[in-house]
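The values are calculated or read from the model by the stated rules, or taken from the named source; none is laboratory data. Given the structure is predicted, the values throughout are model-derived calculations rather than measurements. When we count neighbours, we look across all protein chains shown, and the Cβ atoms used for this are built from the backbone with ideal geometry, even at glycine. Accessible surface areas use protein heavy atoms only, side chains included; no ligands, DNA or RNA. Shrake-Rupley method; radii C 1.70, N 1.55, O 1.52, S 1.80 Å.
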Amino acid sequence: MNIVIIEDELLTAEDMAEIINSMDEDISIAAMLHSVKDAVSFFKGNPKVDLIFSDIQLGDGLSLEIFQSVEIKAPIIFCTAYDEYALEAIKNNGIEYILKPFTKETIVSAINKYQRLKTHFAPASIDYKNLIQAIAQATSPTTEYRSILVYYKDKVLPIPLNDIALFQIDGDVNRLMCFDGKSFIVNQSLDELEQIVQDQFFRANRQHLVNRRAVRDASSYFHRKYVVNLTVAVKEAIIVGKNKTSAFLEWLAKK
């Protein structure tokens, strides 16, 4: 059986491949793909694939866009950290899902389920357009998020928004800093996080997204700018540009 893994986190893909390879010598990993672009290119070559393990959110888009772009008849087992709405949308299409962080038991169970049901898989195409729309609605700004998921060692930790002082770009990664000083890498971009946290946080500049509860005060700066002083220690000054000062003061007044 040929299996393809679509996962943008290299270590996660390798862990999954190791579990799958240990199951049966007749199972092989045909490819490990890390982006929508790479997957579309791969499947356009019409390789023989029996089963696909796929994350939902990749670095360059939703993996479901792959299956809209290329006709794929192989069944798909989604591995995701999405909330109950997204999981339910996938579940209603008759395809198994695994909630991250996965274990050997959940991977083996999913493959065993596929092997039991493979004679019943129909070649009819799935309506991925509606599925993408369902997931987009589930992850839209109308969804109320209370936590941000972060990966730490071999665990997934839900960090409550009320515990987060700010999000910031730190070199090549995005981080969140908690009020207690703890810091974690986050997978989402600041643009994505801005949509999730909504009015509780303010996008001071390209590098910083600040919790209202973390703002001690603001000081006037050159050219009608403001320096935001926080209740937590930060490496660099957080400056609100003059084109954002009105919005910032209005937001701060709601504190």
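Does segment 237-246 hold any residues that are in contact (Cβ under 8 Å) with a residue 12 or more places away in the chain and surrounded by fewer than 16 Cβ atoms within 10 Å (Cβ to Cβ), and which are they? GLY241, LYS242 - these are the residues of segment 237-246 that are in contact (Cβ under 8 Å) with a residue 12 or more places away in the chain and surrounded by fewer than 16 Cβ atoms within 10 Å (Cβ to Cβ).
Out of ASP15, ASP38, ASP8, one residue alone is on the phi < 0 side of the Ramachandran plot, open to solvent by 50 Å² or more (accessible area, probe 1.4 Å), modelled with pLDDT of 90 or more and in contact with a strand residue (DSSP E or B) (Cβ under 8 Å, 6 or more places away or on another chain). It is ASP8.
When you scan segment 152-168, do you find a residue that is farther than 25 Å from PRO101 by Cβ, loosely packed, with under 12 Cβ neighbours inside 10 Å and hydroxyl-bearing (Ser, Thr, Tyr), even just one?
Step one: filter segment 152-168 for residues farther than 25 Å from PRO101 by Cβ, giving 165-166, 168.
Restricting the remaining residues to those that are loosely packed, with under 12 Cβ neighbours inside 10 Å gives none.
Looking through segment 152-168, none of the residues is farther than 25 Å from PRO101 by Cβ, loosely packed, with under 12 Cβ neighbours inside 10 Å and hydroxyl-bearing (Ser, Thr, Tyr).
In segment 182-221, the qualifying residues are those that are within 23 Å of ASP154 (Cβ to Cβ), in a loop (DSSP other than H, G, I, E, B) and in contact (Cβ under 8 Å) with a residue 12 or more places away in the chain, and the one that is most open to solvent (accessible area, probe 1.4 Å) is ASN187.
For ASP26, the conditions (1) under 22 Å from TYR151 (Cβ atoms); (2) out of contact with any helix residue (DSSP H, G or I) (no Cβ under 8 Å at 6 or more places or on another chain) all hold with the exception of (1).
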